[in-house]
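Q: Structure incoming, see below.
The values are calculated or read from the model by the stated rules, or taken from the named source; none is laboratory data. No experiment lies behind these values; they were computed from the predicted model shown. Reconstructed Cβ throughout: ideal geometry from the backbone, glycine too, with neighbour counts over all protein chains shown. When the accessible area is computed, the model is the full protein with side chains, heavy atoms only, and any ligands, DNA or RNA have been set aside. Shrake-Rupley method; radii C 1.70, N 1.55, O 1.52, S 1.80 Å.
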Amino acid sequence: MTSIETTNDVVDELYERHLEPARSRYTRGRGFEAGANEVASDEFLLRFLIEFCSLGVQMTEPVDRWIRGAGTRCCALGFDDLGSALIRHAEHEAGHHEMLIADTHRLCAAWNSEGRPPLDADALVNRPPSAGVQAYIDLHESTIESAEPWGQLAIEYEIELLSVTSGPVLIANVARVCGPDRVADLSFLEDHIEIDAGHTVFNRRQLAQQLSAHPEMAPGLVSAGAAALDAHALFLDDCLDGALPR
Ligand SMILES: [Fe+2]
Ligand SMILES: [Fe+2]
């Protein structure tokens with residue numbers, strides 16, 4: 001058996017297996033199901049996407065700082081390899097919230113062009129965080145400050161994996177329900193389906209290295225990864241609630 005197979009087995013055994021309940025909870029969440037619902041109306045889905053992009057800004061703008069902060073804390077605790085890998089990854093996340101701001105503006109323009117009560121893209125982007133967004137922010141901040149800042153690696157792995165697994169499901173539904181013009185408005189989602197495939201390989205390699213050398217990290221990584229999925233599911237619930245007619 002090669003060392004790569006051995007380390008991948010370690011990830012399967014110590015990490016992946018334990019994430020299954022949280023991953024299936026995520027895809028059964030009411031927010032995710034609403035976005036993936038093939039019989040949704042195009043108006044609902046457009047409004048859902050406006051919530052997704054505008055609320056998503058506050059979860060994306062700090063990512064560079066969060067990963068860098070966790071990396072710096074890992075270095076301070078003596079985990080230099082992981083710390084510098086996280087700091088390298090941070091550079092690849094800077095500025096991605098700009099895509100969500102641009103997407104919010106395009107989607108609001110589409111919404112406003114059809115005679116509905118108008119939506120103000122800037123006001124939506126700048127509103128206070130929803131409960132799910134706040135839970136997501138709090139999870140990052142508390143992980144960085146905790147005795148196990150490497151939990152950030154599991155958070156990043158789960159969230160970037162969503163781009164590869166759930167992102168295409170959402171995009172396919174938007175294409176089916178709303179048509180290709182609406183898909184073209186979703187630069188953040190479209191870009192991340194592509195770039196996060198590479199980031200996911202990078203994250204899994206880091207998980208393999210850390211879990212091989214430090215199997216005692218497993219429980220902290222599992223709980224951080226599961227908490228990230230639960231917080232992201234709450235954010236999708238908020239997107240659904242914001243999209244429902246009132
Ligand atoms: Fe990103
Ligand atoms: Fe990424």
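Q: Taking the range 143-183 on its own, how many of its residues are assigned to a loop (DSSP other than H, G, I, E, B) and open to solvent by less than 50 Å² (accessible area, probe 1.4 Å)?
A: Matching residues across the range 143-183 total 6.
Q: Here is a follow-up. Count, please, the residues in the range 87-123 that happen to be more than 16 Å from ligand 1 (Cβ to nearest atom) and hydrophobic (A, V, I, L, M, F, W, C).
A: 8
Q: Still on this structure: Please verify whether residue 107 is open to solvent by 20 Å² or more (accessible area, probe 1.4 Å) and either touching a helix residue (DSSP H, G or I) at 6+ places or on another chain (Cβ under 8 Å) or under 17 Å from residue 235 (Cβ atoms) (or both), treating the condition exactly as stated.
A: Criteria not met by residue 107.
Q: Working only within the range 23-39, note down all residues that are over 21 Å from residue 225 (Cα atoms) and among the hydroxyl-bearing types (Ser, Thr, Tyr).
A: Within the range 23-39, no residue meets the criteria.
Q: For the range 58-81, name all the residues that are in a loop (DSSP other than H, G, I, E, B), farther than 20 Å from residue 202 by Cα and away from ligand 1 (no atom under 14 Å from the Cβ).
A: 77, 78
Q: When the residues of the range 125-142 are narrowed to those that are open to solvent by less than 30 Å² (accessible area, probe 1.4 Å) and small (Gly, Ala, Ser), which ends up nearest to ligand 1 (Cβ to nearest atom)?
A: 132
Q: If you take the residues of the range 47-80 that are of a type in the set (D, E, K, R) and either touching a Phe, Trp or Tyr at 6+ places or on another chain (Cβ under 8 Å) or within 16 Å of ligand 2 (Cβ to nearest atom) (or both), which of them is most open to solvent (accessible area, probe 1.4 Å)?
A: Out of the qualifying residues, it is 65.
Q: On the basis of being open to solvent by 20 Å² or more (accessible area, probe 1.4 Å) and either over 16 Å from the mean Cα position of the chain (by Cα) or away from ligand 2 (no atom under 16 Å from the Cβ) (or both), does residue 120 make the cut?
A: It is true that residue 120 is open to solvent by 20 Å² or more (accessible area, probe 1.4 Å) and either over 16 Å from the mean Cα position of the chain (by Cα) or away from ligand 2 (no atom under 16 Å from the Cβ) (or both).
Q: I'd like the full set of residues that are open to solvent by less than 60 Å² (accessible area, probe 1.4 Å), over 13 Å from the mean Cα position of the chain (by Cα) and within 14 Å of ligand 2 (Cβ to nearest atom), limited to the range 198-209.
A: 198, 202, 203, 204, 206 - these are the residues of the range 198-209 that are open to solvent by less than 60 Å² (accessible area, probe 1.4 Å), over 13 Å from the mean Cα position of the chain (by Cα) and within 14 Å of ligand 2 (Cβ to nearest atom).
Q: Filter the range 56-80 down to the residues that are more than 15 Å from residue 155 (Cβ to Cβ) and in contact (Cβ under 8 Å) with a residue 60 or more places away in the chain and list them by number.
A: 56, 57, 58, 77, 79
Q: Here's a follow-up. Name the residues in the range 81-99 that are in contact (Cβ under 8 Å) with a residue 24 or more places away in the chain, within 16 Å of ligand 2 (Cβ to nearest atom) and among the aliphatic types (A, V, I, L, M), would you?
A: Scanning the range 81-99 gives 85, 86, 90, 94, 99.
Q: Conditions: (1) open to solvent by 10 Å² or more (accessible area, probe 1.4 Å); (2) part of a helix (DSSP H, G or I); (3) within 16 Å of ligand 1 (Cβ to nearest atom). Residue 84 meets all but one. Number of the miss?
A: (3)
Q: Can we say residue 28 is out of contact with any helix residue (DSSP H, G or I) (no Cβ under 8 Å at 6 or more places or on another chain), of a type outside the set (A, V, I, L, M) and farther than 23 Å from residue 199 by Cα?
A: Considered against the rule, which asks whether it is out of contact with any helix residue (DSSP H, G or I) (no Cβ under 8 Å at 6 or more places or on another chain), of a type outside the set (A, V, I, L, M) and farther than 23 Å from residue 199 by Cα, residue 28 comes out as yes.
Q: Oh, and also: Looking only at the range 31-46, count every residue that is outside any helix (DSSP H, G or I) and either open to solvent by less than 30 Å² (accessible area, probe 1.4 Å) or within 16 Å of ligand 1 (Cβ to nearest atom) (or both) and tell me the total.
A: Count: 1.
Q: Turning to a different aspect of this structure: Within the range 90-104, identify whether any single residue is in contact with a helix residue (DSSP H, G or I) (Cβ under 8 Å, 6 or more places away or on another chain), assigned to a helix (DSSP H, G or I) and surrounded by fewer than 15 Cβ atoms within 10 Å (Cβ to Cβ), and answer yes or no.
A: Looking through the range 90-104, at least one residue is in contact with a helix residue (DSSP H, G or I) (Cβ under 8 Å, 6 or more places away or on another chain), assigned to a helix (DSSP H, G or I) and surrounded by fewer than 15 Cβ atoms within 10 Å (Cβ to Cβ).
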